[in-house]
Amino acid sequence: MQEELHTAEWIVATVEGDATIMALISGAYYGLIPPDVVLPAVRFHVQDSRDVRGATAPAQRIMTTIDWIIAAVNEGRLLTDLVAIADRLDTLLNNVNGETATLLVLSCVRLEPFMLAEEEDTPVGYRHAGGLYRTIVQPK
């Protein structure tokens, strides 16, 4: 099983299933936000992942730990618009569990906050605000 893709489905469903955050963003995107999407939006990607294996049967995967950067992205230099979105992401994703048709999310916790000022070759720039989240998942 490709746990990262299945967990990405859960993250999108969790974020986009919440009316409060959806009133503030256009959607949640794994990897890159498509260029035609209106910002702000949520972007997330894997920072690290590890399989946890059995001691007596090393080939058996018991669960997978996946660390994600999950952050709101907005055009411009102001952080004001991102505060409510980052706070809502934390409410939705910190200290929760869940599932999809194929996967159990045993745990999702924020490990640390995340901020990034991205200055492009344009005068606009982009800001990111969110966190580094750890999911512990297991196939059903």
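A short reminder: the numbers here are calculations on the coordinates, not readings from a lab. Only a predicted model underlies this, so the values are computations on that prediction, with no experimental measurement involved. Heads up, the Cβs are rebuilt from the backbone with ideal geometry, glycines too, and the neighbour counts pull from every protein chain shown.
Structural remarks
- The chain - percent relative contact order, Cα under 8 Å, separation 6 or more: 24
- In plain terms, the chain from GLU112 to VAL124 could stretch by 1.6 nm, reckoned as 0.36 nm per residue minus the Cα-Cα distance.
- Note on the chain: dipole from Cβ charges, positive end direction compared against TRP10, ALA59, THR135; the farthest Cα belongs to ALA59.
- Cα-derived Rg over Rh, computed across region 3-139 with Rh taken as Kirkwood radius: 1.02
- Taken as Cα centroids, region 68-140 and region 1-55 sit 8 Å apart, rounded to the nearest whole angstrom.
- Other-chain or far-sequence residues with amide H under 5 Å of LEU111's (modelled H): LEU132, TYR133, ARG134
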